[in-house]
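Step one of this worksheet: look at the structure below.
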Amino acid sequence: MSAEAPPAEETLSSPRPVRGSLPRRLVGRPELGAVVGAVAVFVFFSAVADAFLQWSSFSTVLYASSTIGIMAVPVALLMIGGEFDLSTGVLVTSSALISSMFSYQMTANVWVGVGVSLLATLAIGFFNGYLLVRTNLPSFIITLGTFLILQGCNLGFTKLISDTVSTKSISDMEGFPSAQKVFASHLTIGDVEVQITVLWWFALIALATWILLRTRAGNWIFAVGGAKEAARAVGVPVERTKIGLYLGVALAAWISGQHLLFNYDVVQSGEGVGNELLYIIAAVIGGCLLTGGYGSAVGAAVGAFIFGMTNKGIVYAQWGADWFKFFLGAMLLLATLLNWWVRKRAEESK
């Protein structure tokens, strides 16, 4: 059967923005709950922490948000497509380790290590997607297995090669300064110092939003997440779409991994464990459903921004770091309830 998108667009409904009055369009947006939550968090920390409103503080919040947001955006697309990836946290570390150890051991220009890391990271993403579509096993099981494999490889190979749990410094190697400019530099805009990761984050938001709302591939993502078999029946390339989503997650993991390496020079092999939950939480706060077929890249970005504000707001308020998980859990529950209400109202208005 032909894999043309028009039949899918005519046959399958997708939660793209509804047309009509402004209030109806706003209620129909999946990221509405996250935006309301972000405003509430901003007002709260502005009231309890005077330092929160300083420009330098805003720069720090943006940086903390971007380190989560770079991964949260493609994870949101994957969840809209109906799948999970529990290996994302350690995959970021794997990407950094491959770049560092390959460059150091081969005494090569660090850009060679960066390129090898890109190929290896994409191969892992392809493996996840290919195994999923070939076996129809739950993505939870497949990526949990990948998570454990990568965690073991990160620790095992690092100890085997470096005799420690961290990599050797590569800051004196050829190509390091130029790579650092691409992945771990900063720009000064007025009185605000903006980390390069913020620009990477904004670029990924724009790209993901364009894909979801302006391309046939975006319609395919909504379709395979909402009704996979119905999508397949009308010619949507389900396998290609799901593999492409995992490749997108892997690409973002590579970007995050290179930032980790070139920002700190040395990579700890045990890093990244648990971060996969933060990416998923940001996507869920942003309006993505665990069942797939609904959500937005902008919502995931707002979810990451809430993470950044909460993480740094607690510091500026001079509270104990233990409160961070409390606020994160509370925001997850409140945003999920609000998103449920928004979706219910949107369905009732159709």
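In table form, for the structure just shown:
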| read-out | value |
| --- | --- |
| Kirkwood Rh (inverse of mean 1/r, distinct Cα pairs), segment 82-224, angstrom | 17.6 Å |
| Most to least packed among 174-185, 292-303 [average Cβ atoms within 10 Å] | 292-303, 174-185 |
| Per residue solvent-accessible surface (Å²) - the chain, probe of 1.4 Å | 46 Å² |
| About the Cα centre, charge dipole magnitude for the chain (Lys/Arg +1, Asp/Glu -1 at Cβ), debye | 1000 debye |
| Over the chain: helical MRE at 222 nm, DSSP H runs n ≥ 4 each giving -39500 (n - 2.57), nearest 500 | -24000 deg cm²/dmol |
| Relative contact order [Cα under 8 Å, 6+ residues apart], the chain, whole percent | 37 percent |
| Straight-distance crosslink candidates among lysines, where the alpha carbon sits under 30 Å from Lys181 and sequence neighbours closer than 8 are dropped | Lys159, Lys168, Lys312 |
| Segment 204-350 shape via C-alpha gyration tensor axes, a/c threshold 1.5 | oblate |
| Extended-chain gain in nm, criterion 0.36 nm per residue less alpha-carbon gap, Ala123 and Ala108 | 3.2 nm |
| Integer Hz, Karplus 6.51/-1.76/1.60 couplings in order for segment 131-142, x for Gly and Pro | 5, 4, 6, 7, 10, 6, 6, x, 4, 4, 5, 4 |
| Most mobile listed residue (Ile221, Ile161, Ile281) in the chain, GNM with C-alpha springs under 10 Å | Ile161 |
| Global form of the chain, assessed from the alpha-carbon gyration tensor, a/c cut-off 1.5 | oblate |
| Cα gyration tensor category, rounded, prolate or oblate, for segment 25-130 with a/c compared to 1.5 | oblate |
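The values are calculated or read from the model by the stated rules, or taken from the named source; none is laboratory data. The model shown is predicted, which means the values in this text are computed figures rather than measured ones. Note: ideal-geometry Cβ built from the backbone for every residue, glycine included; neighbour counts use all protein chains shown. Note: areas computed on protein heavy atoms with side chains; ligands, DNA, RNA excluded. Shrake-Rupley method; radii C 1.70, N 1.55, O 1.52, S 1.80 Å.
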